[in-house]
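Okay, structure first, notes after.
The values are calculated or read from the model by the stated rules, or taken from the named source; none is laboratory data. Since the model is a prediction, treat every value here as computed from it, not as a measurement. A quick note on method: Cβ atoms are made from the backbone with ideal geometry, for glycine too, and the neighbour counts reach across all protein chains shown. For the accessible areas, the whole protein counts, side chains as well, though only heavy atoms, and no ligand, DNA or RNA atoms are used. Shrake-Rupley method; radii C 1.70, N 1.55, O 1.52, S 1.80 Å.
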Amino acid sequence: MSTEERRIVVLRSSDEEIFEVDIDVASESQTIKHSIEDDDSGRVIPVPNVDGHTLAKVIEYCKKHVETPRSDDRDAQDALRAWDTEYMKIDQNTLFELILAANYLNIKGLLDLTCQTVADMIKGKSPEEIRAMFNIKNDFTPQEEEDIRKENQWAFE
Amino acid sequence: MELGKDFLDSLDIDTSVKVLMYLDDPCDVVRVGSVSHFWRDFVISNSVCKQLCLRLFPQLSSLVRVVDITDRAGMPAEAGSSRSIEWEHEDREHKIYASLAWGLTSSEVSDCISEAISASSTDNYPEESIHNTLEPMDRVGRRASYWSSSGQRNPAVPEKLTYKLVSDFCVVTEISVQPFQAFFQAYSPIYSAKAVRFRMGHQLFSDDSDSDQIMEGTQPADNQFVWTYTSPEFPMAQENSLQKFKLPQPVLCIGGFLQIELLGRVQTQEMDGLFYICVAHVQVVGRSLSPVFVAEILDPSGKFILKYNPKAKFSAPCAGEDHPDQVHGTPTVAPEIVHRQVRGWEQILNLLRGNLGVGAYDFDDEHHESDDEELAVQFIP
């Protein structure tokens, strides 16, 4: 291995794409971090559950969060949050792949962010709107739907 | 238009639950439970409503169980019983917790104090008693209306004011305290405290009738109450204004008792050089969940069960007239004298004796021949 200050880790996605990543960035993932600790030989680390497109997106998140110093500064926090919001402007498919990846790679911040994003999509929506958004079939009979509405009428006003 | 994905079905349970835990409005949780059979089953079997309640109000951790009082079907499922009985139990719980979640977050907000119970000290009883703090004005007629502590050489000696709320199960959002400005003294000193802190909890006795035993004007034995919540300290300004202290999060008061701690004295009385704390008015704002939910405390630690009455409605709490579920031993006072059940017998007697007490009637100068002392508006040493 080189004696450079910044060590590089090589990740391989499920579709054989290769990513060279700073060790600090890669270590945002607890899964990868443990993998490195167990075997420091510098071989390629396979990430079988995550495809190249998603892995690139994950790395983008980790990079930004590693580069941004932790600070109590309100403006800095707002700026990072704004970046997160922009970052989350993705299609649903990518969003769910990201959740699965964050879960598998054990990246707490990314998992929280993605789950929060899905919850935000649900907030304030009627059941019909939620069904439309996530392509869910309404398998209630009209009577069942009526009963459910009556049960907690306040939620549907 | 992209094709969506039923994520509840495709993600693992823990992650799906994680997503739903970000919903903090009970309306959203209920609507999620109305999307499809699968979504409804998921919400019910993962107790999403219950988790929401616990997250918003950690005070609920002392809750042992909820009981629907109209449910004649019998006891909750025992461990090891069949899946369908367990399901029915979860379904019932879901309904109750959904209603609880709404009550806790969205029912009507209003005044929550039912009566003043006691003060740690009172300089002149009953003229300067804690009951005056329920009167919004700092004077009634010609008479100043405020509570005064006894005097102290040491400004660090705190005081405590204890109140009963309109029900045993109340969410408190905001507490306001107005220190008293002695307008009749030179330089109109304001007898505020340095800081305030709030406690909430329940009485040690399980029997309601024992609340009568807390004598007015006497020192409350601190061991009469168990305080299950203590707020942070809030600095108090030395200003004659109704100061609002907003709790960091709304707090569920289980047991119906609230105590205001007045920490640190700032003002001495010129006449005797002692430090006093005086309060003109106290107000507690929140939501009462009775009669829909009634708490029954099981043991001194505060473990309780909740009795749910689905036939009842969440009503705006009003201390006094039409609150049928209130069981307090306090006497009802004639409406022309007071609007709330706040005055004790001593004060009524004072009024009847012709002393100028706290009453909402016009003071007539002719009446003062027999009771000169009481009528002169002065700070009674």
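The B:Lys311 and A:Asp15 beta-carbon pair, evaluated with R₀ = 45 Å, returns a calculated FRET efficiency of approximately 0.15. Relative to the longest principal axis of the Cα atoms of chain A, the long axis of helix A:52-67 lies at roughly 70 degrees. Pairs with C-alpha atoms separated by more than 20 Å, drawn from the list A:Lys63/A:Lys123; A:Lys137/B:Lys95; B:Lys246/B:Lys307; A:Lys123/B:Lys307; A:Lys123/B:Lys50, are A:Lys63/A:Lys123; A:Lys137/B:Lys95; B:Lys246/B:Lys307; A:Lys123/B:Lys307. Give the angle, between 0 and 90 degrees and rounded to the nearest 10, that separates the Cα long axis of helix A:74-87 from the longest principal axis of the Cα atoms of chain A. For A:74-87 against chain A, the angle is about 80 degrees. Give me the net charge of B:Asp28's neighbourhood, meaning all other residues with Cβ under 11 Å from the Cβ of B:Asp28; Lys, Arg count +1, Asp, Glu -1. So the surrounding residues net to 0. Extension gain, B:Glu86 to B:Asp12: 0.36 nm times the residue separation minus the Cα-Cα distance gives 24.4 nm. Taking a ≥ b ≥ c as the square roots of the eigenvalues of the alpha-carbon gyration tensor, chain A is classed prolate because a/c is 1.5 or more and a/b outweighs b/c.
Say we join alpha carbon atoms closer than 10 Å with springs in a Gaussian network model of chain A; which of A:Gln116, A:Gln77, A:Gln143 then has the biggest fluctuation? Top of the fluctuation ranking is A:Gln143.
Accessible area per residue for segment A:47-157 is 54 Å², calculated with a 1.4 Å probe on protein heavy atoms, without ligands, DNA or RNA.
Rounded to the nearest 10 degrees, the angle from helix A:142-151 to the longest Cα principal axis of chain A is 80 degrees. Buried between A and B is an accessible area of approximately 3100 Å², summed over both sides with a 1.4 Å probe. Just to confirm my numbers, what's the Cα centroid distance between segment B:153-174 and segment A:49-79 in Å? Taking the Cα centre of each part, segment B:153-174 and segment A:49-79 sit 46 Å apart.
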